Amino acid sequence: MNSKEVAGCRAAEFVEERMVVGLGTGSTAEFAIRAIGQRVGAGLAISAIPTSEASAALARELNIDLTTLEANPHVDLTIDGADEVDPELNLIKGLGGALLREKIVAAATAYQIIIIDPSKQVDQLGTQAPLPIEVVPFSKSLVVRHLAEQELNPVLRMVAPDQPFITDNGNFIIDCSFPAGIADADGTDSWLNSIPGVVENGLFVDMTHLVVVGNDDGSSQLIERT
Ligand code: 5RP
């Protein structure tokens with residue numbers, strides 16, 4: 001087992017009978033979904049809300065019952081990955097491009113578990129990963145201008161030289177970087193979301209209850225919000 005699988009399997013143990021469970025997105029979340037799928041195969045009854053089309057497809061393959069936020073607006077537990085985690089358990093998410101649905105599901109969740117390998121732990125957000133921002137395509141040039149004015153190095157995410165990445169919601173992603181890191185995650189989150197055309201950004205502030213860090217030797221560390 002590698003560190004991501006260790007974290008995913010450990011977090012899957014927190015799922016209990018009849019829970020409504022948010023399913024995250026990414027390579028670490030995939031291990032958790034597979035571990036939950038195994039438990040469902042053994043008789044565990046849950047309903048799940050996926051945070052992306054990819055996670056929905058995987059859950060269907062594993063015969064995990066899917067539901068919606070309309071039918072179940074209160075999610076008991078969500079297990080998701082992250083690109084950076086700081087000592088206060090604030091996050092950068094969205095390198096996989098699913099940040100909008102991930103944040104919506106996190107906001108509906110009573111207990112959010114983030115699963116990572118040790119490389120995702122940072123002293124300050126923005127020092128290792130870019131910050132993804134989901135924007136309505138029509139607003140792209142305006143948002144880029146605002147970000148460039150603040151010297152945040154905005155780059156439109158592409159899948160081919162002439163083909164922008166399109167999110168599950170039909171939007172673009174602009175990745176930006178903070179030369180000195182992000183000192184005020186809450187203020188940065190509010191400022192970014194106030195730019196017209198920005199749908200959401202990858203800062204997750206005060207949303208995480210537990211971080212599970214998996215290690216390659218099979219051990220894991222649980223870090224609870226204080
Ligand atoms: C997707 C995400 C992922 O959770 C994040 O990018 C971590 O991915 P991985 O587990 O593959 O490293 O936020 O939008």
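When shorter helices are ignored and each DSSP H run of at least 4 residues is given -39500 (n - 2.57), the per-residue value for the chain at 222 nm works out to -8000 deg cm²/dmol. Over segment 97-226, Cα pairs under 8 Å with separation of 6+ residues give a relative contact order of 36 percent.
Determine the relative contact order of the chain: mean sequence separation of Cα pairs under 8 Å and six or more apart, normalised by residue count, in whole percent. Relative contact order of the chain: 24 percent.
With the convex hull drawn over the C-alpha atoms of segment 127-224, the volume per residue is 150 Å³. Distance from the Cα centroid of segment 1-76 to that of segment 134-210 is 27 Å (rounded to whole angstrom). At q = 0.16, 0.26, 0.30 Å⁻¹ the log10 of I(q)/I(0) for segment 67-123 amounts to -0.51, -1.10, -1.29, computed by Debye summation with a single uniform scatterer per C-alpha, solvent ignored. Taking label points 7 Å from Cα along the Cα-to-Cβ direction, LEU222 and GLU149 give a separation of 4.7 nm. In this structure, the amide hydrogen of ASN153, modeled 1.01 Å from its nitrogen in the peptide plane, lies closer than 5 angstrom to those of SER177, counting only residues at least 5 positions away or on a different chain. For segment 1-130, the equivalent ellipsoid derived from the Cα gyration tensor has semi-axes of 23, 16, 12 Å, listed largest first.
Per-residue 3J(HN,Hα) values for segment 131-141, derived from phi via the Karplus relation 6.51 cos²θ - 1.76 cosθ + 1.60 with θ = phi - 60°, read 9, x, 10, 8, 10, 5, x, 4, 8, 3, 5 Hz in sequence order (x marks Gly and Pro).
Protein heavy-atom accessible surface, 1.4 Å probe, per residue over the chain: 46 Å².
For segment 113-174, the equivalent ellipsoid derived from the Cα gyration tensor has semi-axes of 24, 16, 11 Å, listed largest first. Scalar couplings 3J(HN,Hα) for segment 19-27, obtained by applying the Karplus form with A = 6.51, B = -1.76, C = 1.60 to θ = phi - 60°, are 5, 9, 10, x, 9, x, 10, x, 6 Hz; x denotes Gly and Pro. Hey, for a label at SER141 modelled as a point 7 Å past Cα toward Cβ, could you say which residues of segment 151-194 have their backbone N under 20 Å away? Flagged as within label range: 151-158, 162-165, 171-175. Beyond 25 Å, the tail of the calculated P(r) for the chain holds 38 percent of the Cα pairs. For the chain, a Gaussian network of Cα nodes joined below 10 Å ranks ASP76, ASP86, ASP184 by mean-square fluctuation, and the top entry is ASP184. By the Stokes-Einstein formula, at 1.306 mPa s and 10 °C, segment 45-100 with its Kirkwood radius over alpha-carbon pairs has D equal to 124 µm²/s. Peptides 96-104, 30-38, ordered by how many other C-beta atoms sit within 10 Å of their residues on average, highest first, read 96-104, 30-38.
The values are calculated or read from the model by the stated rules, or taken from the named source; none is laboratory data. Given the structure is predicted, the values throughout are model-derived calculations rather than measurements. Positions of Cβ are backbone-derived with ideal geometry, glycine not excepted, and every protein chain shown enters the neighbour counts. All accessible areas refer to the heavy atoms of the entire protein, side chains included, with ligands and DNA or RNA removed. Shrake-Rupley method; radii C 1.70, N 1.55, O 1.52, S 1.80 Å.
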